[in-house]
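Beneath this line is the structure, given in structure tokens, with notes to follow.
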Amino acid sequence: MASTTNAAATIEDIQRDMQALRTDMSKLAGQVTELLSNGGGEAIARLKERVGQMQDDIDETLSGVGERGREALSDVSDRIGDALQESVQEHPLTTVALAVGLGFLFGATWRR
């Protein structure tokens, strides 16, 4: 249950990071519009600086999202593995019959 909670918290963190990224991109678009309307070399220099900062922020955010995504996937795969092992130990015939049935369905679907 703790793994499921951790995965849910990780997904929420990713969603918050993505929302922050959207907000930053919206602010950048507004700044670009303002800078272009003001014109001049100074405005372009500030724009380049801001774009550089945004790229760094985006790289950092995506790196964090990727790491948390891998952790969540690892937690989920561990839980699935544990559940399968428990199922095989408690109900071996039912588990094998289910695996054979799923294999048959996938095979029939794949053939079409």
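The values are calculated or read from the model by the stated rules, or taken from the named source; none is laboratory data. All values derive from a computational prediction rather than experimental measurement. Here Cβ is always computed from backbone atoms with ideal geometry, including for glycine, and neighbour counts include all displayed protein chains.
Annotations for the structure displayed:
Each row is one residue, and each column tells you yes or no for (1) at pLDDT 75 or above; (2) at positive phi; (3) surrounded by 13 or more Cβ atoms within 10 Å (Cβ to Cβ); (4) touching a Leu at 6+ places or on another chain (Cβ under 9 Å).
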position: Ala2; (1), (2), (3), (4): no, no, no, no
position: Thr5; (1), (2), (3), (4): no, no, no, no
position: Asp13; (1), (2), (3), (4): yes, no, yes, no
position: Val32; (1), (2), (3), (4): no, no, yes, yes
position: Leu36; (1), (2), (3), (4): no, no, no, yes
position: Gly39; (1), (2), (3), (4): no, yes, no, no
position: Asp57; (1), (2), (3), (4): yes, no, yes, yes
position: Thr61; (1), (2), (3), (4): yes, no, yes, yes
position: Arg70; (1), (2), (3), (4): yes, no, no, no
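- Close pairs (6 angstrom Cβ cut-off, 6 or more residues apart or separate chains): closer than 14 Å to Ser63 by Cβ and free of Cβ contacts under 8 Å to residues at least 40 places away in the same chain in the range 13-27, loosely packed, with under 13 Cβ neighbours inside 10 Å and among the aliphatic types (A, V, I, L, M) anywhere: none
- Of the residues Val96, Val100, the single one that is aliphatic (A, V, I, L, M) and surrounded by 11 or more Cβ atoms within 10 Å (Cβ to Cβ) is Val96.
- Residue in the range 90-103 that is modelled with pLDDT of 80 or more, among the charged types (D, E, K, R), in a helix (DSSP H, G or I) and more than 19 Å from the chain's Cα centre (by Cα) present: yes
- Being over 30 Å from Asp17 (Cβ atoms), surrounded by fewer than 10 Cβ atoms within 10 Å (Cβ to Cβ) and modelled with pLDDT of 75 or more is not true of Glu86.
- Condition check for Gly64: under 21 Å from the mean Cα position of the chain (by Cα) and within 28 Å of Asp17 (Cα to Cα): yes
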